[in-house]
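Visitor: Quick one: the structure is below, questions incoming.
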């Protein structure tokens, strides 16, 4: 169930395109992608487990109640009805159904497809205790079986060798760009929210005394499987350059690959594969949104929140995949650093007795570069404003790794280290968050 919830279309198509971009530097790029696309999500699961949090609000509360509420809302709106969940249905339509429709039916086709997609997802998530069966036993099993067919054919009959020229960005910074590509999966942010659903599912199975251990073991196993798949998909993408030129995106690359091996049947196969992958992720996002918002606003029922996120996702999905991706990237560049800083604090909270001062200082040092990264990745109408452009020029010129999109790393570590040293040296002036 854990694997099915966070392994969606992005996890499938981004590594294939990454392989094409990296060429002969595929290993370094794969390693970077595994760090941000697999290791960070695993740390997110562990952060929720070790703090015994019952929701994203509990996890962020040591920073402050207002921050926790705002962070919960921003994360869930981003991975949920405003960006993440609509993207699942839009991707499934673009790859699975759109190629088979005449152009004048695209609009009505998208409308009917997304209505069916979110209607079924809503129906299957009404009963939270059945998620393990629906996702883990059935849908994800079929998805993995289909993916195994792709790998079996691709490695028994490889398209060619791996000696292909990397693109300019991957010639010198393959590892860093691999990490940034892993951002696009949204998994490190999503797993902070989805982990609560995992914990509740484990408890529902009867593991109430050792919930943390069972969740951590299942999460680790899921992530290890994901890493294997990532390296395999990157390899297949790199080898595909022997037959195809560099594609515009991962969806095109995966489509070319499967159609090459499965001919006319490949389109149907790809549609089913991608739709299954994104559907299980959509179910997880719907559930986690409803669970956390019900906890934050208990007067509104779980089913009401579930209905709201399903309907909103349906409406926004019809805005189109390109628009969704264009506006989601800057928000992700803001939330990723904040999420990773929160993961760092959660995993080390025992070392400084979970004192709010450390949480608050670390977040202050993180939020400034995170906002600048958000502005740098905003549409040109925002990034090209004179004041914004001047700030970004200073930021990229003087802050280490800023030009690579990782300017938050050093400030976060400095803020965290200074705050911990301070509370260790002068513990009496800092109030315990409890």
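Visitor: If I model a spin label at residue 161 and residue 315 as a point 7 Å from the Cα along the Cα→Cβ vector, what separation in nanometres do I get?
Guide: Using points 7 Å along Cα→Cβ, the separation is 5.6 nm.
Visitor: Something else: What ranking do 54, 373 get, fewest neighbouring Cβ atoms within 10 angstrom at the top?
Guide: Taking fewest neighbouring Cβ atoms as first place, the list is 54, 373.
Visitor: If you take the C-alpha gyration tensor of segment 262-355, multiply each eigenvalue by 5 and take the square root, what semi-axes do you get, largest first, in whole Å?
Guide: Computed over segment 262-355, the values are 32, 21, 15 Å.
Visitor: What is the calculated FRET efficiency for residue 73 to residue 146, with r their C-beta to C-beta distance and R₀ = 41 Å, to the nearest 0.05?
Guide: E(calc), rounded to 0.05, equals 0.70.
Visitor: A further question on this structure: So how many Å³ per residue does the convex hull of the Cα atoms of segment 153-260 work out to?
Guide: Per residue, the Cα convex hull of segment 153-260 comes to 142 Å³.
Visitor: Using the Kirkwood radius over C-alpha pairs as Rh, can you work out the diffusion coefficient of segment 348-434 via Stokes-Einstein at 20 °C, viscosity 1.002 mPa s, in µm² per second?
Guide: 150 µm²/s
Visitor: What are the extents of the Cα atoms of segment 57-129 along their three principal axes, in Å, largest first?
Guide: 54, 27, 16
Visitor: Mind pulling the angle between the C-alpha long axis of helix 386-398 and the longest principal axis of the chain? Nearest 10 degrees, somewhere in 0 to 90.
Guide: Once rounded, one gets 80 degrees.
Visitor: How much length is gained on full extension from residue 168 to residue 327, taking 0.36 nm per residue of separation minus their Cα-Cα distance?
Guide: Residue separation times 0.36 nm, minus the Cα-Cα distance, leaves 54.7 nm.
Visitor: Between residue 52 and residue 425, what is the label-point separation in nm under the 7 Å Cα-to-beta-carbon projection?
Guide: Taking the simple label geometry, residue 425 and residue 52 are separated by 3.3 nm.
Visitor: Now, a different point. Do you know the relative contact order of segment 1-149, to the nearest whole percent, from alpha carbon pairs under 8 angstrom that are 6+ apart?
Guide: For segment 1-149, the relative contact order is 29 percent.
Visitor: Still on this structure, I have one more. Step by step: find N for the chain, compute 2.2 N^0.38 Å, then divide the Cα radius of gyration by it. What's the final number?
Guide: In units of the globular-protein estimate, the chain measures up at 0.97.
Visitor: Continuing with the same structure: Round to the nearest 0.05 the FRET efficiency obtained for residue 304 and residue 138 when R0 = 45 Å and r is the Cβ-Cβ distance.
Guide: Efficiency, from the Cβ-Cβ distance: 0.95.
Visitor: What percent does the relative contact order of segment 348-434 come to when contacts are Cα pairs within less than 8 Å and at least six residues apart?
Guide: It rounds to 47 percent for segment 348-434.
Visitor: Here's another thing I want to ask about it. On a 0 to 90 degree scale, rounded to 10, what angle separates helix 140-156 from the longest Cα axis of the chain?
Guide: Roughly 60 degrees, rounded to the nearest 10.
Visitor: Determine, from the Cβ-Cβ distance of residue 272 and residue 364 and an R0 of 51 Å, the FRET efficiency 1/(1 + (r/R0)^6), rounded to the nearest 0.05.
Guide: That gives a FRET efficiency of 0.60.
Visitor: Still on this structure: Do the sum for the chain: with -39,500 (n - 2.57) for every DSSP H run of n ≥ 4, divided by all residues, what is the mean residue ellipticity at 222 nm, to the nearest 500 deg cm²/dmol?
Guide: Helix-only estimate at 222 nm: -23500 deg cm²/dmol.
Visitor: Under the definition of Cα pairs under 8 Å and six or more residues apart, what whole-number percent is the relative contact order of the chain?
Guide: The normalised contact order for the chain reaches 31 percent.
Visitor: Still on this structure, please answer the following. Note the angle between two axes, namely the Cα long axis of helix 211-239 and the longest principal axis of the Cα atoms of the chain, as a number of degrees from 0 to 90, rounded to the nearest 10.
Guide: For 211-239 against the chain, the angle is about 40 degrees.
Quick note: the coordinates plus some simple rules give every number you see, no bench work behind them. Since this is a predicted model, take the numbers as computed values, not measurements. Every residue, glycine among them, receives a Cβ derived from its backbone with ideal geometry; neighbour counts consider all protein chains shown.
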